[in-house]
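Notes for the one structure printed next.
Just so it is clear, none of the values below were taken in a lab; they were calculated from the coordinates. Small disclaimer: the values here were computed from a predicted structure and weren't measured. Here the Cβ positions follow ideal geometry from the backbone for every residue, glycine too, while neighbour counts run over all protein chains shown.
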Amino acid sequence: MKDEPALDAVVIGGGIIGCMAGRYLLAAGRTVTILERSAIAAGSSAGNAGILAFPEIVPIPSPGIIWKAPGWLLDPLGPLSIRPSYAPRLAPWFWHFWRASARVNFERGHQVQAELMRLAEAEYAMIRKDARLTSFIVNTGTLDLYDTEQSFRAAAPGWVKKREAGFDFHRVGRSEIEALQPGLAPCFEHAIYSEDGLQVSDPADFTRAVADSLMQDGATLRIGEASAIEPTEAGARIRLADGRSIAARTVIVACGAWSKRLAGSLGETVLLDTERGYNTTLPASAFPLQRQLYFNDHSFVATPLRDGIRVGGAVEFGGLDLPANFKRADMLLKLAKRFMPGLETEGGRQWMGFRPSMPDCLPVIDRSKAAPNVLYAFGHGHLGLTQSAATGRLIAELAMQNKPSINLENLRFDRFSGR
Ligand SMILES: Cc1cc2nc3c(=O)[nH]c(=O)nc-3n(C[C@H](O)[C@H](O)[C@H](O)COP(=O)(O)OP(=O)(O)OC[C@H]3O[C@@H](n4cnc5c(N)ncnc54)[C@H](O)[C@@H]3O)c2cc1C
């Protein structure tokens, strides 16, 4: 089949990363097509917790974390599970996760994440000024809860880092916790309250609103599944699953957890895996939730959304193909009920999403070596909604051959290849 005339910039993937990349490319004067295999917000961007977690500057792979894993794995209500049939494939990913948790790598990861989050916050401040998007971004404040004095103390160094990075918050005790969020179990004596905590009113709505604004500004949505990419003299050609192909001057791979295969088609190996996450969205009447709650000792969150409250989190390693195990979502609700005793757990909508995760929990924002007109924007793990606008800016800078706003050396796609 013959190629259509070459397009300018084609973004593969209509999640929040692809849509934000499209937005910044349009602003840079490019003509943008979003190529999405099913619908805007079909992946992880649809059902996440909706939190704009700018203060999350402390990387997950941190000194000592690896020793906590056995306990988590043994606890049926614990935050981590591995599907046995998938375990053998995880060795390289975990090896590099372990290395990323070594003190020196952790400190470097912290610097990189802090820089990315500073940019993320600044870019979202601009996004918030767009009249079409402003109502989707809401300030509910964040309450970080700790079960015990011991766990609160253990978390203190992370809060020191956040304070040093300029984030504002204060420690609250039992009576303030009760005032900020009535109805919690009386076990919480220690918490941190961040008055500035932002979230979106609903992540799927928000992603669609970003896409709608793109289309209003002249971008095009095309439904089709990319199966491979190859370099051409003038850019790159995208092979589609239906046998057709699209030529483009610039191609951006923003397929979330599914990006590895497209990079692979260019002969480039990426150590991307998926951390599957589960949640349940309950009717708003299920609990009078006032703000985002982080249950730090149990790795789950509760967020008030436009049409209900969402309770979830946790991490399951099981790849992209195994069916969901919604017992994980049931267990998270059981835990939530323990700490929010009045929670009505009936009538919820369960969801599983594929976080696109690199071992150091930092994204890939880079240029392909095999095809210099192909750019990579994936691997945002737990923080893709938060880092989406910053990623959009950086991708547009790469596409326009401008100096990136931050150093991208630590976000290379091949950073684990031993180069
Ligand atoms: C339970 C859970 C809670 C989370 N909570 C938060 C949070 O509170 N805050 C936060 O910042 N982040 C959160 N995240 C992480 C966040 O959701 C992800 O990092 C982010 O959505 C990734 O966006 P993406 O656009 O890269 O991927 P996706 O949203 O998965 O989008 C990828 C898109 O690419 C399309 N696609 C895939 N392959 C192809 C192909 N070959 N051709 C064409 N299209 C293709 C898919 O259909 C999909 O629409 C959470 C994630 C989970 C699972």
Original post:
Can you spot a residue in segment 262-274 that is touching a residue at least 60 places away in the same chain (Cβ under 8 Å) and charged (D, E, K, R)?
Top reply: yes
Subject >> Residue check for Leu408: closer than 28 Å to His110 by Cα and within 14 Å of the ligand (Cβ to nearest atom) >> reply: no
**OP:** Restricting attention to segment 336-359, report how many residues are farther than 19 Å from Leu305 by Cβ and polar (S, T, N, Q).
**Re:** 1
**OP:** For segment 300-308, indicate whether the set of residues that are under 19 Å from the mean Cα position of the chain (by Cα), surrounded by 15 or more Cβ atoms within 10 Å (Cβ to Cβ), within 11 Å of the ligand (Cβ to nearest atom) and under 30 Å from Phe416 (Cβ atoms) is non-empty.
**Re:** yes
Original post:
Any idea which of (1) within 15 Å of the ligand (Cβ to nearest atom); (2) under 20 Å from the mean Cα position of the chain (by Cα) is the one Thr33 doesn't satisfy?
Top reply: (2)
**OP:** State which residue is farthest from the ligand (Cβ to nearest atom) when the search covers only segment 237-279 and only residues that are touching a Ser or Thr at 6+ places or on another chain (Cβ under 8 Å) and among the polar types (S, T, N, Q).
**Re:** Thr269
**OP:** Mind listing just one residue for me: the one in segment 187-218 that is among the charged types (D, E, K, R) and part of a loop (DSSP other than H, G, I, E, B) and, of those, nearest to Ile17 (Cα to Cα)?
**Re:** Asp202
**OP:** Name every residue in segment 46-104 that is in a loop (DSSP other than H, G, I, E, B) and β-branched (Val, Ile, Thr), in order of residue number.
**Re:** Ile57, Val58, Ile60
**OP:** For segment 366-374, state whether one or more residues are in a loop (DSSP other than H, G, I, E, B) and either within 30 Å of Pro283 (Cα to Cα) or charged (D, E, K, R) (or both).
**Re:** yes
Original post:
When segment 351-377 is examined, which residues are found to be surrounded by fewer than 18 Cβ atoms within 10 Å (Cβ to Cβ) and either within 11 Å of the ligand (Cβ to nearest atom) or small (Gly, Ala, Ser) (or both)?
Top reply: Ala370
**OP:** Would you check if Leu322 is over 19 Å from Val301 (Cβ atoms), free of Cβ contacts under 8 Å to residues at least 40 places away in the same chain and not in a strand (DSSP E or B)?
**Re:** no
